[in-house]
Structure formats: C-alpha cells, structure tokens
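To start, the structure itself, in structure tokens.
Each value in this text was obtained by applying a stated rule to the coordinates, not by laboratory testing. Predicted, not measured: the structure shown is a model, and the values here were computed from it. Cβ sites come from the backbone with ideal geometry, for glycine too, and all protein chains shown count toward neighbours.
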Amino acid sequence: RATMPRPADVPESLADARAAALQCRRCTLCEAATQTVWGTGDPDAAMMIVGEQPGDREDLVGQPFVGPAGDVLREALREAAVDADRIWMTNAVKHFKFTPRGTQRLHQSPDRGEIQHCRWWLGLELAFVRPRVTLALGASAAFALTDDHTALAPRRGHVETGLHGGPVVLSWHPSYILRLSSPTARDTAQRALVADIRAAVAKAN
Ligand code: URA
C-alpha cells in the first residue's frame, strides 16, 4: 500500500546516525558498494579528519583509512605525534565509487551531487562529535566542508570556515601523495601534510 513520504527521522546520537547511515539509499552509490563506511575513532575528539570516500580495502573492511592511503595518513600522524585513536576519521562520501575493470575496481571520484547527498551524514558526525578543528584531505573533503569547489593547491595549508561554522584546515589527500611519481615531490607533499596536521593540532588547543 502506498504511503505519503514523511520527513526523515533525525538521529538523536552518533550511534543512531551510524545505524541510519548503514541503510542509506540517498544516492545510487550504495548499489555497487559492499557497505557504508562510517567514521571511526574517538567520539569526543578535538580533531576530525575527513577524506574523500572509502577505497577498495575500506569498502571490504568497513573502516576508513585502512588501505594504502591510510598508511600514508597514519605515518603523517605519527610524524606529527598525533595519536590516531584520539581523532575522529571519516570521509565526505560513505560509499566506495568505482568502475569494474577485469578483477579490479578502479576508484572514481564522487561528483558534487553525491557529495551533497552525503553531507547529511557528515553534518551529523560534526554535530555529535563537535570537533574543535577539522582537517580536510583533498578537494572532495574541502568541497563537502566548505561548499567551495575551487582548486585545492592555492588553499592548501590555509584555515577556512566550514559550513558548520568551525575551522577547517585544508591539506593534500594521501592518495594524491601516493600518485606523485617524483620522490622529491612526494616527500614535499608528505611534509606539507605533516605541517597541516600540526597546524590543525594548534587550532584544536
Ligand atoms: N581514501 C579516503 O579518502 N578515505 C579512505 O577511507 C581511504 C582512502
């Protein structure tokens, strides 16, 4: 029997939000992905780190930043003397977007519409965790948090005000660092990421 659409129930806690996100069908990405990858870490964290979307490994494991990009991020956190368990780590988009190629699943960047649909969940994470600072990794996270889709390079290392009203430090995405072919460029970008993590820590204190 047909029913009239009702306003979406607004989750009352981080746990409720996660439970609702696991059932999300706001866009079509849920159809091919294995599962929703919700944030992990300390729900009382002073710092939130936002990536783009789960990668192949994250999609299978169900946790953010557990693949090669996560190794780069975790190494940068160690260099900045930040305990990864004391932050909240999540993504702008909670489902893996990919194109099948033989036995592989090739990463595809989420589009602006998908990022906007998924902002509902990011907004709930921000509202319940209430971090003092957010670190945006890459252009998708920057757009999700600030609604500004202009190029990241001139904005990297700067602090902007997020849609939620809090400070957002912008940095490179670890996958971008991994893709740089020159070791010197990779080293420079990695050092910039460490410096941006330190800047975010300073903002949080
Ligand atoms: N890249 C991201 O942006 N997030 C992850 O969780 C993994 C890779």
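Principal-axis analysis of the Cα atoms of the chain puts helix 183-204 at an angle of about 70° to the longest axis. The translational diffusion coefficient of the stretch 14-204, from Stokes-Einstein at 4 °C and 1.567 mPa s with a Kirkwood hydrodynamic radius over alpha carbon pairs, comes to 79 µm²/s. When both bridge partners sit in the chain, DSSP labels roughly 45% of those beta bridges antiparallel. A simple spin-label model places the labels of Gln116 and Arg101 2.9 nm from each other, with each point 7 Å out along Cα-to-Cβ.
How do Val159, Val129 rank when sorted from fewest to most other Cβ atoms within 10 Å of their own Cβ?
On the way: Val159 16, Val129 21.
Starting with the residue having the fewest Cβ neighbours, the order is Val159, Val129.
At 222 nm, what helix-only mean residue ellipticity would the chain give, in deg cm²/dmol to the nearest 500, using -39500 (n - 2.57) for each DSSP H run of four or more?
Details: 7 runs with 81 residues, N = 205.
Calculated at 222 nm, the ellipticity per residue is -12000 deg cm²/dmol.
Counting beta carbons within 10 Å around each of Ser171, Ser181, Ser140, Ser13 and listing the fewest first gives the order Ser181, Ser13, Ser140, Ser171.
Quickly rank 16-26, 79-89, 46-56 as a protection proxy: mean count of other C-beta atoms within 10 Å, highest first.
46-56, 79-89, 16-26
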